[in-house]
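The values are calculated or read from the model by the stated rules, or taken from the named source; none is laboratory data. Being a predicted model, the structure only gives us computed values, none of them experimental. Here the Cβ positions follow ideal geometry from the backbone for every residue, glycine too, while neighbour counts run over all protein chains shown. All accessible areas refer to the heavy atoms of the entire protein, side chains included, with ligands and DNA or RNA removed. Shrake-Rupley method; radii C 1.70, N 1.55, O 1.52, S 1.80 Å.
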Amino acid sequence: MESIPSIHLPDYLVILAYFLIIVLVGLSFARYIQKAKDYFAAGSIMPWWLAGTSFYKASFSALLFVIYNEIAYKYGIVAIVITWIMPICILLSGYLIAHRWRRSRVVTPLGFMERRYSPAVHQVFVWTGLPLRMFDNSLKILSTSIIFTVAMRSLGLSLFWFMVGIGVIMILYSFLGGQMTVVITDFVNVSILAVAVITLFILTLNRVGNLGDFFDRLPPGFLHPAPEPYGWSYLLFTVFLITVLTYSASWALVQKYNTLKSEKEVRKMIGWIAFLMFIMPPLFFFPGLAARVLVPGIENAKEVYAIISLKILPIGLMGFVLAAVISSTMSTLGSEFNTLSGVLTRDFYKKKIKPDLSEKEEVFLGRLFTIVIGVLTILLAVLFNSLKGFNLMDIMFRIFSAFGPAIMIPLVFGLLFKRFNARGALWGVVAGSLTGVLLVLANFFLVQMFVEEMRVNARLDFWLRSAWNSVATVLSVAATILGMWWGTRSRPTPAEEMARREAFFADLERPFLFEGQERKAFSPFGVIGLTLIAFGLAFAAVSFLVLLYYQDGRAWRIDLTVAGVLILLGLLMRVARPER
């Protein structure tokens, strides 16, 4: 494989400008955080398009760029097919669940558990749900670090130090302004990401040339929608099941429903999310597909997105793409850290240790727990990097197979069905967790044992990777549901719990409409527009450095065009007037 260049000074300056602007936005919103609800739910006053964009950004991170471009490079368009399952899942989940989450009238996603089930169940879900979220978050830090390690290898830093540095940045980002900062900067990050991804797509398409010739040069089977090891059974029993559960019960995602003021806004938000999930995958993963022709022979396919970007993008624009990549992780982990700190603060500390916690103390503890969660997530990222024989997608779906069904199904069933009681929820968690964890641990052990044989035996590789994961997911789902059914039948529901359950479902029948009168609805147009203009101007200044110092006219024209697009988007946001 030909040598791939590292990034240059203008790229570093673009990344630095991005961080400085985002920190300033966070500091500006920190002064608005007066109540715990402001920190954890953005005051329930966000517009649907902004909350929907934040949901979309929180649903992926740099992990998406690493995993699916690796799959595109190795297997073809199945990477796009996998992600096209997601809009189907959000529409299904949104239709069945979204309005019920909003009607539960809680500040954190687990806030309804004590009322629906019991205080014991509430605490069990606090502590069983945390590991799943932290495992997933650690993979996002790891994947982001992989891209930066390749792009910035001239610094001579190891992957470990990039994981530490990026983890600290994520903590600071979510620490400053809570959910409001996360939601506002999510739209800024999506704008930057969209411009970066579309630019890379256009330049890659231009480098590829004639599409007919390009498709002819792809390896056999690359245009198959579901080749092994990602066949139809894997797409249905692993990807579909886990994605539906995730969009229905992932703490950081359903938290976005709590930022809206009505159910009508929630419905608009769901449609907007599905639209974004449908149009973006071809733009995201075409570079990985093109790399198979343009840069054959990449040994570590995890590095595909970074390598193809370095090969195609001009000076300055690579820094812009890296800013977009880290922005995707910042959005996701900002939401995750904020939600998890809210769970620990309100669902554990305030419930069990200090019920009379003041608003200021809640905000302080929320920020303290954010730091603790961030540090533990960095340590887990280091641990996962040491695993051999698995790619990142293997690890991600195995973690969800082990913990996801047992944690998420009782949440979803608690919203949908009256018949299940607290005992059933506890039995479901135990049965599903034991089944999932035992199967996944056995799989980890077998893969480590047969890792060399799997490289030459395709059938063994299939059964120990995708087939095992599909079976483990289905069995974990079945064990959780069976445990909930058996636990509910094993003992009559206490009268107190039945009364609490009836009151809870009576509230679920009552549509939600925000009734707060303390302040006017927040308009984000101004700050979003100003942020985009500031970053666009900074990028324009860097483009002139590219022209004057590096004397690269082509890079200057491309960089200045991208900067102009950002400034134009910012101006449009500034002059826009929200509906009153």
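Measuring against 30 Å, Cα to Cα, the residue pairs Lys74/Lys268; Lys256/Lys311; Lys74/Lys311 contain Lys74/Lys268; Lys256/Lys311 as the ones spanning a longer distance.
Longest exposed-loop-site-free stretch of the chain, with GluC sites (Glu not before Pro), DSSP loop and at most 16 other Cβ within 10 Å? It works out to 3-298.
When you work out D = kT/(6 pi eta Rh) for region 438-510 at 20 °C and 1.002 mPa s, using the Kirkwood radius from C-alpha pairs as Rh and the Stokes-Einstein form, the result is 135 µm²/s. Dipole size in debye (nearest 20) for the chain around its Cα centre, Lys and Arg Cβ +1, Asp and Glu Cβ -1? Result for the chain is approximately 1460 debye, rounded to the nearest 20. What nm distance separates the two modelled labels at Val575 and Phe160, each placed 7 Å from Cα along Cα→Cβ? About 5.4 nm separates the two model spin labels. Maximal additional length on extending the Val451-Phe19 stretch stands at 151.4 nm, based on 0.36 nm per residue less the C-alpha distance. Annotation: region 370-508 has a Kirkwood hydrodynamic radius of 17.0 angstrom, from the mean reciprocal C-alpha pair distance. Here are some pairs, Lys264/Lys352; Lys264/Lys360; Lys57/Lys140; which of them have Cα atoms lying more than 24 Å apart in this structure? Going by Cα-Cα distance, Lys264/Lys352; Lys264/Lys360 fall outside the 24 Å limit. Surface exposure of the chain, expressed per residue as accessible area with a 1.4 Å probe, stands at 39 Å².
Of all aspartates and glutamates in the structure, those lying under 13 Å Cα to Cα from Lys302, and not within fewer than 8 positions of it along the same chain, are Glu70, Asp394. What's the FRET efficiency of Arg153 with Trp49 using the Cβ-Cβ distance as r and R₀ = 41 Å, to the nearest 0.05? Using R0 = 41 Å, I get an efficiency of 0.55.
Taking amide H atoms as placed 1.01 Å from N in the peptide plane, the amide H of Gly316 lies under 5 Å from those of His8, Asp11, each 5 or more residues away in sequence or on another chain. At q = 0.22, 0.27 Å⁻¹, work out log10 I(q)/I(0) for region 346-402 with the Debye formula, treating every Cα as an identical point scatterer and leaving solvent out; two decimals please. Values, matching the q order: -0.85, -1.05.
Using 0.36 nm per residue and subtracting the Cα-Cα separation, the extra length available between Arg489 and Val375 on full extension is 36.8 nm. Here the translational diffusion coefficient of region 121-277 follows from Stokes-Einstein with Rh set to the Kirkwood radius across Cα pairs; for 4 °C and 1.567 mPa s it amounts to 65 µm²/s. Overall size of region 251-350 from C-alpha positions, given as principal axis extents largest first: 54, 33, 25 Å.
Normalised Debye scattering of the chain at q = 0.06, 0.10, 0.12 Å⁻¹ gives log10 I(q)/I(0) of -0.30, -0.84, -1.22, counting only Cα atoms as equal scatterers and leaving out solvent.
Taking max minus min of the alpha-carbon positions on each principal axis, region 428-564 gives extents of 76, 65, 17 Å, largest first.
Stokes-Einstein, applied to the Kirkwood radius of region 288-408 over Cα pairs at a viscosity of 1.002 mPa s and 20 °C, places its translational diffusion at 119 µm² s⁻¹.
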